[in-house]
Amino acid sequence: MGLLSARLLAQAGEEVLLLERQGSGRESSWAGGGIVSPLYPWRYSPAVTALAHWSQDFYPDLGRQLLDETGCDPEVHVTGLYWLDLDDECQALTWAEREGRLLRRVDIAEVRRQVPVLGDGFARAIHMPDVANVRNPRLVKALKAALTVMPGVELREHCALTGFVNRGGRICGVQTADGDLLAERVVLATGAWSGELLQQLGLMLPVEPVKGQMILYRCAESFLPSMVLAGGRYAIPRRDGHVLVGSTLEYAGFDKTPTEEALASLKASAETLLPALATAEVVGHWAGLRPGSPEGIPFVGELASHPGLWLNCGHFRNGLVLAPASCRLLADLMLGREPVVDPSPYVPSRRLAVG
Ligand SMILES: Cc1cc2nc3c(=O)[nH]c(=O)nc-3n(C[C@H](O)[C@H](O)[C@H](O)COP(=O)(O)OP(=O)(O)OC[C@H]3O[C@@H](n4cnc5c(N)ncnc54)[C@H](O)[C@@H]3O)c2cc1C
(Lines give C-alpha, C1' and ligand atoms only; values in the text may rest on other atoms or scores of the structure.)
Protein backbone atom coordinates (compact mmCIF):
# COMPACT_ATOMS: atom_id res chain seq x y z
CA MET A 1 0.00 0.00 0.00
CA GLY A 2 2.84 2.34 0.85
CA LEU A 3 4.73 1.82 -2.41
CA LEU A 4 1.68 2.13 -4.63
CA SER A 5 0.21 5.08 -2.72
CA ALA A 6 3.54 6.91 -3.00
CA ARG A 7 3.64 6.21 -6.75
CA LEU A 8 0.15 7.59 -7.36
CA LEU A 9 0.72 10.70 -5.25
CA ALA A 10 4.07 11.41 -6.93
CA GLN A 11 2.51 10.88 -10.37
CA ALA A 12 0.09 13.67 -9.44
CA GLY A 13 3.02 15.98 -8.64
CA GLU A 14 3.07 15.61 -4.84
CA GLU A 15 6.32 15.38 -2.91
CA VAL A 16 6.43 12.09 -1.04
CA LEU A 17 8.77 10.73 1.63
CA LEU A 18 8.17 7.01 2.10
CA LEU A 19 9.49 5.58 5.37
CA GLU A 20 10.08 1.85 5.75
CA ARG A 21 11.38 0.32 8.92
CA GLN A 22 13.35 -2.44 7.07
CA GLY A 23 13.88 -3.15 3.37
CA SER A 24 10.66 -2.29 1.52
CA GLY A 25 8.27 -4.97 0.27
CA ARG A 26 9.41 -7.72 2.65
CA GLU A 27 6.22 -8.29 4.64
CA SER A 28 2.72 -9.41 3.71
CA SER A 29 2.87 -8.00 0.18
CA TRP A 30 5.90 -10.20 -0.46
CA ALA A 31 4.56 -13.25 1.40
CA GLY A 32 1.10 -13.46 -0.18
CA GLY A 33 -0.04 -15.75 -2.97
CA GLY A 34 -0.98 -13.00 -5.40
CA ILE A 35 -4.39 -14.22 -6.56
CA VAL A 36 -5.98 -11.20 -8.21
CA SER A 37 -9.37 -12.01 -6.68
CA PRO A 38 -10.77 -12.55 -3.23
CA LEU A 39 -10.68 -16.32 -2.55
CA TYR A 40 -14.49 -16.57 -2.50
CA PRO A 41 -15.56 -13.22 -3.97
CA TRP A 42 -19.29 -13.83 -3.47
CA ARG A 43 -18.83 -14.10 0.31
CA TYR A 44 -17.62 -10.49 0.64
CA SER A 45 -19.51 -7.23 1.10
CA PRO A 46 -20.07 -4.82 -1.81
CA ALA A 47 -17.31 -2.66 -0.25
CA VAL A 48 -14.69 -5.33 -0.99
CA THR A 49 -16.24 -6.21 -4.36
CA ALA A 50 -16.11 -2.58 -5.57
CA LEU A 51 -12.35 -2.31 -4.91
CA ALA A 52 -11.65 -5.80 -6.25
CA HIS A 53 -13.42 -5.22 -9.56
CA TRP A 54 -11.74 -1.88 -10.23
CA SER A 55 -8.35 -3.39 -9.46
CA GLN A 56 -8.89 -6.54 -11.53
CA ASP A 57 -9.60 -4.43 -14.59
CA PHE A 58 -6.50 -2.30 -13.93
CA TYR A 59 -3.92 -5.02 -13.10
CA PRO A 60 -2.85 -5.87 -16.67
CA ASP A 61 -2.11 -2.16 -17.30
CA LEU A 62 -0.21 -1.85 -14.03
CA GLY A 63 1.90 -4.88 -14.94
CA ARG A 64 2.72 -3.43 -18.39
CA GLN A 65 3.49 0.04 -17.01
CA LEU A 66 5.90 -1.35 -14.42
CA LEU A 67 7.60 -3.63 -16.95
CA ASP A 68 8.09 -0.68 -19.34
CA GLU A 69 9.38 1.62 -16.60
CA THR A 70 11.68 -0.80 -14.80
CA GLY A 71 12.32 -3.91 -16.94
CA CYS A 72 11.02 -5.97 -14.00
CA ASP A 73 7.90 -7.97 -14.94
CA PRO A 74 5.34 -8.49 -12.15
CA GLU A 75 3.93 -11.31 -14.32
CA VAL A 76 0.21 -10.67 -14.28
CA HIS A 77 -0.68 -14.21 -15.33
CA VAL A 78 -4.26 -14.93 -16.41
CA THR A 79 -4.80 -18.64 -15.70
CA GLY A 80 -8.41 -18.76 -14.52
CA LEU A 81 -9.49 -20.44 -11.30
CA TYR A 82 -11.47 -23.64 -10.62
CA TRP A 83 -13.33 -23.89 -7.30
CA LEU A 84 -13.93 -27.55 -6.44
CA ASP A 85 -16.77 -29.06 -4.38
CA LEU A 86 -18.08 -25.78 -3.01
CA ASP A 87 -20.98 -25.75 -0.54
CA ASP A 88 -22.27 -22.39 -1.78
CA GLU A 89 -22.06 -22.88 -5.55
CA CYS A 90 -25.55 -21.43 -6.10
CA GLN A 91 -24.69 -18.24 -4.19
CA ALA A 92 -21.53 -17.94 -6.30
CA LEU A 93 -23.45 -18.24 -9.57
CA THR A 94 -26.15 -15.79 -8.45
CA TRP A 95 -23.49 -13.29 -7.37
CA ALA A 96 -21.66 -13.59 -10.69
CA GLU A 97 -24.83 -13.00 -12.68
CA ARG A 98 -25.68 -9.94 -10.61
CA GLU A 99 -22.14 -8.55 -10.88
CA GLY A 100 -21.72 -9.40 -14.56
CA ARG A 101 -18.66 -11.60 -13.91
CA LEU A 102 -17.74 -14.62 -16.02
CA LEU A 103 -18.36 -17.64 -13.80
CA ARG A 104 -19.92 -20.93 -14.87
CA ARG A 105 -20.49 -24.43 -13.64
CA VAL A 106 -18.28 -26.98 -15.42
CA ASP A 107 -18.41 -30.73 -15.65
CA ILE A 108 -15.65 -32.36 -13.61
CA ALA A 109 -14.59 -34.35 -16.70
CA GLU A 110 -13.89 -31.04 -18.46
CA VAL A 111 -11.80 -29.86 -15.51
CA ARG A 112 -9.78 -33.08 -15.72
CA ARG A 113 -9.16 -32.47 -19.42
CA GLN A 114 -7.94 -28.94 -18.68
CA VAL A 115 -6.01 -29.88 -15.52
CA PRO A 116 -4.91 -33.51 -15.98
CA VAL A 117 -2.91 -33.46 -12.72
CA LEU A 118 -6.03 -32.83 -10.60
CA GLY A 119 -6.69 -35.33 -7.77
CA ASP A 120 -9.49 -37.91 -8.04
CA GLY A 121 -11.60 -36.93 -5.05
CA PHE A 122 -13.59 -34.06 -6.62
CA ALA A 123 -17.12 -34.17 -8.04
CA ARG A 124 -18.14 -30.58 -8.90
CA ALA A 125 -16.52 -27.38 -10.13
CA ILE A 126 -17.18 -23.79 -11.06
CA HIS A 127 -14.76 -21.80 -13.20
CA MET A 128 -13.80 -18.17 -13.66
CA PRO A 129 -11.60 -18.02 -16.77
CA ASP A 130 -10.28 -14.47 -16.38
CA VAL A 131 -8.78 -14.57 -12.88
CA ALA A 132 -5.08 -13.70 -12.83
CA ASN A 133 -2.30 -14.04 -10.33
CA VAL A 134 0.53 -11.59 -9.90
CA ARG A 135 4.06 -12.53 -8.90
CA ASN A 136 3.91 -10.31 -5.86
CA PRO A 137 7.62 -10.35 -4.89
CA ARG A 138 8.30 -9.00 -8.40
CA LEU A 139 5.45 -6.51 -8.06
CA VAL A 140 6.97 -4.93 -4.97
CA LYS A 141 10.44 -5.05 -6.54
CA ALA A 142 9.15 -3.29 -9.66
CA LEU A 143 7.28 -0.70 -7.61
CA LYS A 144 10.41 0.05 -5.62
CA ALA A 145 12.49 0.33 -8.80
CA ALA A 146 9.89 2.66 -10.34
CA LEU A 147 9.86 4.88 -7.24
CA THR A 148 13.63 5.23 -7.05
CA VAL A 149 13.72 7.00 -10.44
CA MET A 150 10.57 9.09 -10.01
CA PRO A 151 10.96 12.78 -9.33
CA GLY A 152 9.41 13.94 -6.07
CA VAL A 153 9.79 10.66 -4.17
CA GLU A 154 12.31 9.70 -1.54
CA LEU A 155 12.26 6.14 -0.23
CA ARG A 156 13.99 6.04 3.16
CA GLU A 157 14.47 2.43 4.29
CA HIS A 158 15.55 1.24 7.75
CA CYS A 159 13.77 4.23 9.27
CA ALA A 160 10.90 3.22 11.54
CA LEU A 161 8.05 5.47 12.51
CA THR A 162 7.91 5.40 16.32
CA GLY A 163 5.13 7.93 16.96
CA PHE A 164 3.25 10.93 15.62
CA VAL A 165 3.89 14.65 15.83
CA ASN A 166 0.60 15.80 17.33
CA ARG A 167 -0.05 19.53 17.61
CA GLY A 168 -3.36 20.09 19.33
CA GLY A 169 -4.93 17.07 17.66
CA ARG A 170 -3.57 17.85 14.19
CA ILE A 171 -0.95 15.36 12.92
CA CYS A 172 1.92 17.27 11.33
CA GLY A 173 4.56 14.58 11.04
CA VAL A 174 6.07 11.47 12.54
CA GLN A 175 8.67 10.62 15.14
CA THR A 176 11.58 8.37 14.19
CA ALA A 177 14.82 7.32 15.86
CA ASP A 178 16.52 9.96 13.68
CA GLY A 179 14.23 12.72 14.94
CA ASP A 180 10.89 14.20 13.96
CA LEU A 181 9.92 14.52 10.32
CA LEU A 182 7.27 17.09 9.49
CA ALA A 183 4.75 16.76 6.69
CA GLU A 184 1.52 18.39 5.58
CA ARG A 185 -0.12 14.98 5.60
CA VAL A 186 0.86 11.58 6.95
CA VAL A 187 -0.42 8.29 5.49
CA LEU A 188 -0.30 5.20 7.70
CA ALA A 189 0.11 2.15 5.43
CA THR A 190 1.82 -0.16 7.89
CA GLY A 191 -0.25 -3.29 7.29
CA ALA A 192 -0.61 -5.58 10.32
CA TRP A 193 1.24 -3.05 12.52
CA SER A 194 -1.28 -0.24 11.95
CA GLY A 195 -3.52 -1.03 14.94
CA GLU A 196 -0.57 -1.13 17.31
CA LEU A 197 0.81 2.20 16.02
CA LEU A 198 -2.52 4.01 16.32
CA GLN A 199 -2.80 3.01 19.99
CA GLN A 200 -0.27 5.76 20.62
CA LEU A 201 -3.02 8.24 19.79
CA GLY A 202 -5.48 6.44 22.08
CA LEU A 203 -7.29 5.01 19.05
CA MET A 204 -8.42 1.39 18.82
CA LEU A 205 -8.18 0.46 15.15
CA PRO A 206 -9.34 -3.14 14.69
CA VAL A 207 -6.37 -4.22 12.58
CA GLU A 208 -4.46 -7.23 13.90
CA PRO A 209 -1.87 -9.64 12.50
CA VAL A 210 -3.21 -12.88 11.02
CA LYS A 211 -0.44 -15.28 10.16
CA GLY A 212 -0.50 -17.14 6.86
CA GLN A 213 1.95 -19.85 5.81
CA MET A 214 2.67 -20.87 2.21
CA ILE A 215 4.81 -23.48 0.50
CA LEU A 216 6.41 -23.41 -2.93
CA TYR A 217 7.09 -26.34 -5.27
CA ARG A 218 9.38 -26.45 -8.28
CA CYS A 219 7.52 -28.10 -11.20
CA ALA A 220 7.77 -28.31 -14.98
CA GLU A 221 6.51 -25.21 -16.79
CA SER A 222 3.37 -26.91 -18.12
CA PHE A 223 2.54 -28.80 -14.89
CA LEU A 224 -0.44 -26.71 -13.76
CA PRO A 225 -2.35 -24.63 -16.36
CA SER A 226 -4.88 -23.07 -13.94
CA MET A 227 -5.34 -22.08 -10.32
CA VAL A 228 -7.37 -24.62 -8.33
CA LEU A 229 -9.01 -24.22 -4.94
CA ALA A 230 -10.73 -26.70 -2.59
CA GLY A 231 -11.53 -26.61 1.11
CA GLY A 232 -9.89 -23.22 1.59
CA ARG A 233 -6.55 -24.32 0.14
CA TYR A 234 -5.30 -23.31 -3.29
CA ALA A 235 -2.54 -23.95 -5.80
CA ILE A 236 -1.22 -21.09 -7.94
CA PRO A 237 1.02 -21.65 -10.98
CA ARG A 238 3.68 -19.07 -11.79
CA ARG A 239 4.78 -18.68 -15.42
CA ASP A 240 8.05 -20.55 -14.84
CA GLY A 241 6.28 -23.62 -13.40
CA HIS A 242 6.69 -22.88 -9.69
CA VAL A 243 3.50 -23.74 -7.80
CA LEU A 244 2.50 -21.99 -4.58
CA VAL A 245 0.19 -23.73 -2.14
CA GLY A 246 -1.51 -21.83 0.67
CA SER A 247 -2.45 -20.92 3.16
CA THR A 248 -3.00 -21.17 6.87
CA LEU A 249 -5.00 -18.65 8.88
CA GLU A 250 -3.54 -18.30 12.37
CA TYR A 251 -4.06 -15.81 15.17
CA ALA A 252 -0.58 -15.92 16.68
CA GLY A 253 0.32 -12.27 17.31
CA PHE A 254 3.35 -10.95 15.45
CA ASP A 255 5.13 -14.34 15.33
CA LYS A 256 6.12 -15.17 11.74
CA THR A 257 7.93 -18.46 12.36
CA PRO A 258 7.01 -21.18 9.83
CA THR A 259 5.97 -24.38 11.62
CA GLU A 260 6.30 -28.12 10.94
CA GLU A 261 2.53 -28.63 11.55
CA ALA A 262 1.65 -26.10 8.88
CA LEU A 263 4.17 -27.63 6.48
CA ALA A 264 2.59 -31.07 6.93
CA SER A 265 -0.94 -29.68 6.61
CA LEU A 266 -0.13 -27.65 3.47
CA LYS A 267 1.62 -30.65 1.89
CA ALA A 268 -1.42 -32.84 2.61
CA SER A 269 -3.73 -30.27 0.96
CA ALA A 270 -1.35 -29.93 -1.97
CA GLU A 271 -1.28 -33.68 -2.54
CA THR A 272 -5.09 -33.95 -2.33
CA LEU A 273 -5.42 -31.23 -4.96
CA LEU A 274 -2.52 -32.37 -7.15
CA PRO A 275 -1.21 -35.85 -6.16
CA ALA A 276 1.91 -35.54 -8.33
CA LEU A 277 3.20 -32.90 -5.90
CA ALA A 278 4.03 -35.79 -3.54
CA THR A 279 7.22 -36.30 -5.52
CA ALA A 280 7.91 -32.63 -6.32
CA GLU A 281 10.50 -30.62 -4.44
CA VAL A 282 9.33 -28.08 -1.83
CA VAL A 283 11.70 -25.18 -2.43
CA GLY A 284 10.20 -22.64 -0.04
CA HIS A 285 8.11 -22.36 3.13
CA TRP A 286 7.37 -19.02 4.77
CA ALA A 287 4.84 -17.04 6.77
CA GLY A 288 3.48 -13.52 6.46
CA LEU A 289 1.21 -11.35 8.59
CA ARG A 290 -2.02 -10.24 6.99
CA PRO A 291 -3.51 -6.98 8.25
CA GLY A 292 -6.71 -8.57 9.61
CA SER A 293 -9.79 -6.33 9.82
CA PRO A 294 -13.53 -6.81 10.39
CA GLU A 295 -15.05 -8.30 7.19
CA GLY A 296 -11.78 -7.56 5.41
CA ILE A 297 -12.93 -4.01 4.65
CA PRO A 298 -9.90 -1.70 4.57
CA PHE A 299 -9.64 1.68 6.25
CA VAL A 300 -9.05 4.40 3.66
CA GLY A 301 -9.33 8.10 4.39
CA GLU A 302 -8.46 10.87 6.84
CA LEU A 303 -9.10 10.50 10.56
CA ALA A 304 -11.74 13.04 11.59
CA SER A 305 -10.33 13.07 15.15
CA HIS A 306 -6.77 13.71 13.93
CA PRO A 307 -6.77 15.78 10.76
CA GLY A 308 -3.58 15.36 8.78
CA LEU A 309 -3.46 11.61 9.45
CA TRP A 310 -4.69 9.34 6.65
CA LEU A 311 -5.06 5.56 6.68
CA ASN A 312 -4.67 2.96 3.96
CA CYS A 313 -4.60 -0.32 5.86
CA GLY A 314 -6.55 -3.39 6.98
CA HIS A 315 -6.84 -5.23 3.65
CA PHE A 316 -6.70 -8.63 5.37
CA ARG A 317 -6.67 -11.54 2.86
CA ASN A 318 -7.10 -9.38 -0.24
CA GLY A 319 -4.50 -6.65 -0.15
CA LEU A 320 -2.84 -7.61 -3.42
CA VAL A 321 -6.04 -7.57 -5.40
CA LEU A 322 -7.43 -4.51 -3.62
CA ALA A 323 -4.25 -2.40 -3.71
CA PRO A 324 -4.67 -0.54 -7.04
CA ALA A 325 -8.20 0.64 -6.22
CA SER A 326 -7.50 1.30 -2.56
CA CYS A 327 -4.41 3.40 -3.30
CA ARG A 328 -6.19 5.21 -6.13
CA LEU A 329 -9.08 6.00 -3.77
CA LEU A 330 -6.65 7.33 -1.16
CA ALA A 331 -4.92 9.53 -3.75
CA ASP A 332 -8.27 10.79 -5.10
CA LEU A 333 -9.40 11.78 -1.61
CA MET A 334 -6.07 13.41 -0.71
CA LEU A 335 -5.98 15.35 -3.97
CA GLY A 336 -9.64 16.38 -3.93
CA ARG A 337 -10.42 14.43 -7.12
CA GLU A 338 -13.63 12.55 -7.93
CA PRO A 339 -13.09 9.19 -6.14
CA VAL A 340 -13.01 6.05 -8.31
CA VAL A 341 -15.38 4.27 -5.94
CA ASP A 342 -17.80 5.49 -3.26
CA PRO A 343 -15.48 6.19 -0.30
CA SER A 344 -18.07 5.84 2.48
CA PRO A 345 -17.60 2.15 3.42
CA TYR A 346 -13.90 2.70 4.11
CA VAL A 347 -14.15 5.92 6.20
CA PRO A 348 -11.92 5.15 9.22
CA SER A 349 -13.69 7.21 11.87
CA ARG A 350 -16.90 5.20 11.69
CA ARG A 351 -15.18 1.97 12.71
CA LEU A 352 -12.70 3.28 15.29
CA ALA A 353 -13.06 3.22 19.04
CA VAL A 354 -11.31 5.65 21.37
CA GLY A 355 -9.34 3.77 24.05
C1 LIG B 1 0.06 -16.23 3.15
C2 LIG B 1 -0.65 -15.05 2.57
C3 LIG B 1 -1.35 -15.20 1.37
C4 LIG B 1 -1.98 -14.10 0.79
N5 LIG B 1 -2.54 -14.24 -0.44
C6 LIG B 1 -3.14 -13.17 -1.03
C7 LIG B 1 -3.69 -13.29 -2.33
O8 LIG B 1 -3.60 -14.35 -2.97
N9 LIG B 1 -4.32 -12.21 -2.87
C10 LIG B 1 -4.43 -11.03 -2.19
O11 LIG B 1 -5.03 -10.09 -2.72
N12 LIG B 1 -3.88 -10.88 -0.97
C13 LIG B 1 -3.25 -11.93 -0.37
N14 LIG B 1 -2.72 -11.79 0.89
C15 LIG B 1 -2.94 -10.54 1.63
C16 LIG B 1 -2.00 -9.45 1.21
O17 LIG B 1 -0.69 -9.96 1.14
C18 LIG B 1 -2.08 -8.27 2.21
O19 LIG B 1 -3.42 -7.88 2.41
C20 LIG B 1 -1.31 -7.06 1.70
O21 LIG B 1 -0.02 -7.44 1.29
C22 LIG B 1 -1.20 -5.97 2.75
O23 LIG B 1 -0.39 -4.94 2.24
P24 LIG B 1 0.13 -3.77 3.19
O25 LIG B 1 0.95 -2.88 2.35
O26 LIG B 1 -1.01 -3.21 3.95
O27 LIG B 1 1.04 -4.54 4.29
P28 LIG B 1 2.56 -5.05 4.21
O29 LIG B 1 2.87 -5.61 2.87
O30 LIG B 1 2.75 -5.94 5.39
O31 LIG B 1 3.40 -3.74 4.35
C32 LIG B 1 3.45 -3.01 5.56
C33 LIG B 1 4.82 -2.35 5.60
O34 LIG B 1 4.86 -1.46 6.70
C35 LIG B 1 6.17 -1.56 7.27
N36 LIG B 1 6.11 -1.06 8.65
C37 LIG B 1 5.45 -1.62 9.70
N38 LIG B 1 5.64 -0.89 10.80
C39 LIG B 1 6.40 0.17 10.45
C40 LIG B 1 6.93 1.28 11.17
N41 LIG B 1 6.70 1.46 12.46
N42 LIG B 1 7.69 2.18 10.47
C43 LIG B 1 7.95 2.03 9.14
N44 LIG B 1 7.48 0.97 8.43
C45 LIG B 1 6.71 0.06 9.07
C46 LIG B 1 6.49 -3.03 7.17
O47 LIG B 1 7.89 -3.27 7.30
C48 LIG B 1 5.96 -3.36 5.79
O49 LIG B 1 6.93 -3.19 4.78
C50 LIG B 1 -2.00 -12.85 1.46
C51 LIG B 1 -1.29 -12.70 2.65
C52 LIG B 1 -0.62 -13.78 3.21
C53 LIG B 1 0.17 -13.58 4.47
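Side notes on the structure shown:
- Residues of segment 276-301 that are closer than 30 Å to Asp120 by Cα and outside any strand (DSSP E or B): Ala276, Leu277, Ala278, Thr279, Ala280.
- Residues in segment 46-70 that are open to solvent by 60 Å² or more (accessible area, probe 1.4 Å) and either within 22 Å of Met150 (Cα to Cα) or at pLDDT below 95 (or both): Asp61, Arg64, Gln65, Leu67, Asp68, Glu69.
Results for (1) among the hydroxyl-bearing types (Ser, Thr, Tyr); (2) farther than 21 Å from Pro237 by Cα; (3) away from the ligand (no atom under 14 Å from the Cβ), shown as yes or no for each residue.
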residue: Ala96; (1), (2), (3): no, yes, yes
residue: Arg101; (1), (2), (3): no, yes, yes
residue: Lys141; (1), (2), (3): no, no, no
residue: Leu161; (1), (2), (3): no, yes, no
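- In segment 100-121, residue farthest from Ala50 (Cα to Cα) [restricted to those that are in contact with a Ser or Thr (Cβ under 9 Å, 6 or more places away or on another chain) and modelled with pLDDT of 95 or more]: Gly119
- If you check Ala96, Ala109 for being over 24 Å from Gly152 (Cα atoms) and without any contact (Cβ under 8 Å) to a residue 24 or more places away in the chain, only one passes: Ala109.
- Here is the figure for segment 302-330: residues that are within 15 Å of the ligand (Cβ to nearest atom), hydrophobic (A, V, I, L, M, F, W, C) and either open to solvent by 10 Å² or more (accessible area, probe 1.4 Å) or part of a helix (DSSP H, G or I) (or both) total 10.
- Any hit, segment 181-195, residues being outside any helix (DSSP H, G or I), surrounded by fewer than 20 Cβ atoms within 10 Å (Cβ to Cβ), within 12 Å of the ligand (Cβ to nearest atom) and among the small types (Gly, Ala, Ser): no
- Taking the criterion of being in contact with a Ser or Thr (Cβ under 8 Å, 6 or more places away or on another chain) and either closer than 21 Å to Leu335 by Cα or not small (Gly, Ala, Ser) (or both), the residues of segment 17-36 that qualify are Leu18, Leu19, Val36.
- Selection of segment 253-286 for residues being touching a residue at least 40 places away in the same chain (Cβ under 8 Å), more than 28 Å from Ser222 (Cβ to Cβ) and either open to solvent by 70 Å² or more (accessible area, probe 1.4 Å) or more than 12 Å from the ligand (Cβ to nearest atom) (or both) yields Gly253, Phe254, Asp255, Lys256, Thr259.
- Hits in segment 331-355 (condition: open to solvent by 40 Å² or more (accessible area, probe 1.4 Å), hydrophobic (A, V, I, L, M, F, W, C) and in a helix (DSSP H, G or I)): Leu333, Leu335
The values are calculated or read from the model by the stated rules, or taken from the named source; none is laboratory data. This one's a predicted model, so the numbers in the text were calculated from it and none came from an experiment. Note that we place each Cβ from the backbone using ideal geometry, even for glycine, and neighbour counts take in every protein chain shown. What goes into the accessible areas is simple: the full protein's heavy atoms, side chains included, and nothing from ligands, DNA or RNA. Shrake-Rupley method; radii C 1.70, N 1.55, O 1.52, S 1.80 Å.
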